[in-house]
1. Of 27, 39, 21, which residue is surrounded by 12 or more Cβ atoms within 10 Å (Cβ to Cβ), free of Cβ contacts under 8 Å to residues at least 24 places away in the same chain and small (Gly, Ala, Ser)?
2. Please give the number of the condition residue 82 fails out of (1) surrounded by fewer than 13 Cβ atoms within 10 Å (Cβ to Cβ); (2) touching a residue at least 40 places away in the same chain (Cβ under 8 Å); (3) of a type in the set (D, E, K, R).
3. Please go through the range 13-69 and pick out each residue that is aromatic (Phe, Trp, Tyr) and within 16 Å of residue 86 (Cβ to Cβ).
4. For a quick check of your reading: which helices (runs of 4 or more DSSP H) sit entirely within the range 33-77 and have at least 3 residues that are more than 15 Å from the chain's Cα centre (by Cα)?
Amino acid sequence: MTQLSYSSNRIFKQRRAPLGAEILRFARRLRGYTQAESAASYGIEERTLRRWENKEYSPKWNDVVGLVEDVYSLDILEVIGKLNDSNADNH
């Protein structure tokens, strides 16, 4: 029985999981919302959303999912997949 070697020639390229900030910005732009519209729909201040998207503060995961699924009516896993595809195309 031979062992497979997983040195520098990996079969699958490992990807970094997108940050909440990246997910929020991508989903908002995908749906064509402004930060003000998004924040008002979710019941937070616009500056809070702006700080999340600008990586000044890290949003809690339940806030990321809530905005993406409840406000933007998108599936969180599909958004992450599209974001990863978009990032792969840019590299």
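1. Result of the check over 27, 39, 21: 39.
2. The one condition residue 82 does not meet is (1).
3. First, the residues of the range 13-69 that are aromatic (Phe, Trp, Tyr): 26, 33, 42, 52, 57, 61.
Selection gives 26 alone.
4. Details: elements: 35-42, 46-53, 61-66.
Here the list reads 35-42, 46-53.
For (1) within 25 Å of residue 16 (Cα to Cα); (2) hydroxyl-bearing (Ser, Thr, Tyr), each residue gets a yes or a no:
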site	(1), (2)
33	no, yes
37	no, no
40	no, no
52	yes, no
61	yes, no
65	yes, no
77	yes, no
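No value in this document is a laboratory result; all are computed from the given coordinates. This one's a predicted model, so the numbers in the text were calculated from it and none came from an experiment. Cβ: placed from backbone, ideal geometry, glycine included. Neighbour counts: every protein chain shown.
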